[in-house]
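Data block below; observations after.
The values are calculated or read from the model by the stated rules, or taken from the named source; none is laboratory data. This is a predicted model, so every value here is computed, not measured. Counting neighbours? That spans all protein chains shown, and the Cβs are built from the backbone with ideal geometry, glycine included.
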Amino acid sequence: MTASIDIRDASVSYFLKKSGKAEKVSERGAVGAEIVVGRRYYEVNALRAVTLRLDTGSRVGLIGINGSGKSTLLKLCAGALAVQSGSIAVQGKISPQFALGSGIKGELTGRLNTQLKCLYMGVPQSRIKEHVEEVKSLSGLGGYFELPVRSYSAGMRSRLVMSLMRLVRGDIIVMDEWISAADASVNKTISRLQSDLINSASILIMASHSQRILEDWVDQLVWLDQGQIREFGPVKDVYAAYKAWMDKR
Amino acid sequence: MRFFQACRRVLSLGVRFLHISYLEARAEHQSTRIGVLWIPLQTLIFTAMLALVFRHAETYTPAQFFLYVLSGYVMWQFIQSTVNNSVDIIQKKLEFAIHNNLDLAGIFIKLLIDRLFEFLINLAVLVVAVLILGPPSGWQGVVLFPVLLATMMLTSLAVSYLVNIVTIYVPDFASLIRTATRFVFFASPIFWAAGEQTDVRRFLAQYNPVAHYLSVMRQVFGVEPVSPLSWMVCLALSALLVLVAALVFRGTQSFVRNLK
């Protein structure tokens, strides 16, 4: 399956309804994108003129300080945000996971969430039962699979989410920083689920602050700073440059 | 051939989403003994109460008035859920939708199917009631059911998007809307007859658009005789709403996703 993400000169802003004193809002801090005070809205320029192309086989990590645009870029790829200028073209089915537990319902059991995920992701009706049992077995949740997800620990939740993503996957996996909750050192099951997940994706794009997670999971890094791509290249080189910059700050 | 393939695809998607609606509804009622059967039971209980309290002894027999109220109330529930459940879809449900392979239009279609699921359950109750009690005005209106369903689906989709957009731009509208739907419930001929001769009610039955949608529903199930005027009003109004919603969707679909 061929998958690709082609972002050209894309700028993305968030809009927030105006409230409070506008002059206080426009004050610049140590983190975050510039806030423009408009007539009716505050405009947060989260991404500015970003150009990036990812093809099948790409394993890309995003780094940058808080508010640098990592989550915005992930959400743009997933279709949760739109460009104000420029363009984005995505080929392939996207499986996003912005936060641990997004897209699943806490009040429902692991089994019911799995059934629903299968239906949403277009698994043929005849194969749903088999998929549900596979997710149960992959996740290793045992009896917890029959309990509401809200009763799970973060580790249990990540087992369920990764098993779901592994089995009912899209071509493109988009993950935000929640992955640290499923640190590979925690246990072998999660480590195996992680590597299965990476191997099964045509494109992986993820944000993380952890050097070890990035080195384990991706082979290229995009360093974002104030909504712009500052560097793009092999993990070691870009991370070293980022770390040096962070030390100087 | 392509047409049939497209129909098959749409039908398959519809069945898939109805299955989702069923699982979600079942989960919602999982702590109760009779589960999703509460949906038709609530409708029956409330209809019976309305029919008993507001009975029109001089114009309807008890059975006729029960059918009149039930048919109106089933339609009203669909209208009410379209309006009341659409105030914060983009703000609260888009991220869940994106995680489940749905885009902006997809989440509105999914929620439409949720509404249809409840409507179809209540419709089954109505059909059984009409079969048992007999349609007062005959069966000829039943052939219009596909037109009614298509009109309801398109109008509900359009109204849902428009309500959500208005609440995004005017947040106060969200608080107003529940009061407004409560008012429309009383101002529509659900448990009072459209043919009543008091000036206010006659005016409401004529100029309240909901009254026409209630009327066409009743016509399909033989509770009222078929009236071309009601159909024309409904079809014209629905066409207008769909057109406006399509234009608004085109103009806002990018911006609203970035509005926090």
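Odds and ends about this structure:
- Condition met for residue A:47 (in a strand (DSSP E or B) and either closer than 12 Å to residue A:7 by Cα or within 14 Å of chain B (Cβ to nearest Cβ) (or both)): yes
Yes or no, residue by residue, for (1) surrounded by 14 or more Cβ atoms within 10 Å (Cβ to Cβ); (2) at pLDDT 90 or above; (3) of a type in the set (Ser, Thr, Tyr):
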residue	(1), (2), (3)
A:182	yes, no, no
A:197	yes, no, no
A:200	yes, no, yes
A:224	yes, yes, no
A:232	yes, yes, no
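- Exactly one residue out of A:100, A:119 is crowded, with 18+ Cβ neighbours inside 10 Å, within 21 Å of the chain's Cα centre (by Cα) and not β-branched (Val, Ile, Thr): that is A:100.
- Residues satisfying the stated conditions in segment A:72-87, i.e. in contact (Cβ under 8 Å) with a residue 24 or more places away in the chain and buried (at least 20 other Cβ atoms within 10 Å of the Cβ): A:72, A:73, A:74, A:76, A:77, A:78, A:81
- Some residue of segment A:150-162 being within 21 Å of residue B:22 (Cβ to Cβ), away from every other protein chain (no Cβ under 12 Å) and touching a residue at least 24 places away in the same chain (Cβ under 8 Å): no
- If you go through segment A:77-130 and keep only what is among the hydrophobic types (A, V, I, L, M, F, W, C), assigned to a helix (DSSP H, G or I) and either farther than 30 Å from residue A:10 by Cα or at the interface with another protein chain (Cβ under 10 Å from one of its Cβ atoms) (or both), you end up with A:78, A:112, A:116, A:118, A:119, A:128.
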